[in-house]
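Encoded as structure tokens, the structure appears first; notes follow it.
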Amino acid sequence: MPKSAPSPDRPLRRDAERNRQRILEAASVVFAERGLRGSHDDIARAAGVGVGTVYRRFPDKEQLIDALFEARVEEIAEIARAAVADPDPWDALVGFLIRSQELQNADRGLNEIVLGGARGAARATAARSRIAPLVAQVLQRAKDADVVRADIELSDLPLIQLAIGTVAEASRDVAPDAWRRTMTLVLDGLQAAHATGELPAPALDPEQIDVVTMSYATPRRRS
């Protein structure tokens with residue numbers, strides 16, 4: 001029996017997926033440089049495709065931001081899954097904090113962009129629901145092994161990342177690795193062996209974390 005001819009639409013599907021990835025990569029760069037003012041035309045030029053292609057894939061900007069956000073959350077979730085699989089409790093926690101920070105630093109500006117727009121709060125909640133259970137496993141295992149101070153809470157970690165991210169952004173053009181020094185100081189402070197007393201304030205709850213994150217992102221995006 002003769003082999004069936006290749007389906008004529010298969011190359012088109014591959015081309016469409018390549019174009020989609022090019023659009024997402026270009027949008028990440030455009031939004032990082034220009035914020036939400038970046039237009040479909042800007043993204044099309046950066047991607048090397050026609051503006052009609054951008055509109056066909058992403059008719060409005062919120063859909064494009066959602067797609068970028070989904071890709072970012074999955075990358076962070078993968079880092080968290082790798083940390084869960086790491087047999088060493090301390091290395092797992094350190095690996096998650098450093099690798100997720102590296103990812104954040106490599107995508108300049110996207111953190112503020114994906115928290116903006118009409119669905120910013122919903123995106124933050126969705127990200128937490130996917131990533132937090134994994135990170136909670138990593139943190140609890142470190143606490144059970146007595147390698148981190150007993151009073152650290154899950155909500156402390158995004159504040160640490162926010163602080164380190166601020167250092168990374170401020171020092172990027174002067175000393176791009178300065179954040180690693182700050183991260184090391186923070187990690188030393190997390191170790192149970194270095195705890196010298198109770199923390200002076202309670203940990204924030206998830207809703208407070210969302211408020212802090214959104215209030216941080218908004219003025220930076222508008223500057």
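Please give the length that would be gained between E74 and E153 if that part of the chain were fully extended, namely 0.36 nm times their separation in residues minus their C-alpha to C-alpha distance (nm, one decimal).
26.1 nm
Report the accessible area of W90, computed with a 1.4 Å probe over the heavy atoms of all protein chains in place, in Å² rounded to the nearest 10.
It works out to around 50 Å².
Taking 0.36 nm per residue of sequence separation and subtracting the Cα-Cα distance, how much length would be gained by fully extending the chain between L103 and V212, in nm to one decimal?
Stretched fully, the L103-V212 segment lengthens by 37.2 nm.
Which whole-Hz couplings ³J(HN,Hα) result when phi for each residue of region 65-75 is put into the Karplus expression 6.51 cos²θ - 1.76 cosθ + 1.60, θ = phi - 60°, listed in order with x for Gly and Pro?
With coefficients 6.51, -1.76 and 1.60, one gets 5, 4, 5, 5, 5, 4, 5, 5, 4, 5, 5 Hz.
Round to the nearest 0.05 the FRET efficiency obtained for A136 and A175 when R0 = 25 Å and r is the Cβ-Cβ distance.
Details: r = 33 Å, r/R0 = 1.33.
My answer for the efficiency is 0.15.
What accessible area per residue, rounded to a whole number of Å², is obtained for the chain using a probe radius of 1.4 Å?
For the chain, the per-residue accessible area is 56 Å².
Can you give the helix-only mean residue ellipticity at 222 nm for the chain, where every DSSP H stretch with n ≥ 4 adds -39500 (n - 2.57) and the sum goes over all residues, rounded to the nearest 500 deg cm²/dmol?
-23500 deg cm²/dmol
Kirkwood Rh over Cα pairs of the chain into Stokes-Einstein at 4 °C, 1.567 mPa s: D in µm²/s?
67
If I compute solvent accessible area with a 1.4 Å probe over the protein chains, what percent of it on the chain is carbon and sulfur?
56
The values are calculated or read from the model by the stated rules, or taken from the named source; none is laboratory data. Only a predicted model underlies this, so the values are computations on that prediction, with no experimental measurement involved. Note that we place each Cβ from the backbone using ideal geometry, even for glycine, and neighbour counts take in every protein chain shown. With ligands, DNA and RNA removed, areas are computed over all heavy atoms of the protein, side chains included. Shrake-Rupley method; radii C 1.70, N 1.55, O 1.52, S 1.80 Å.
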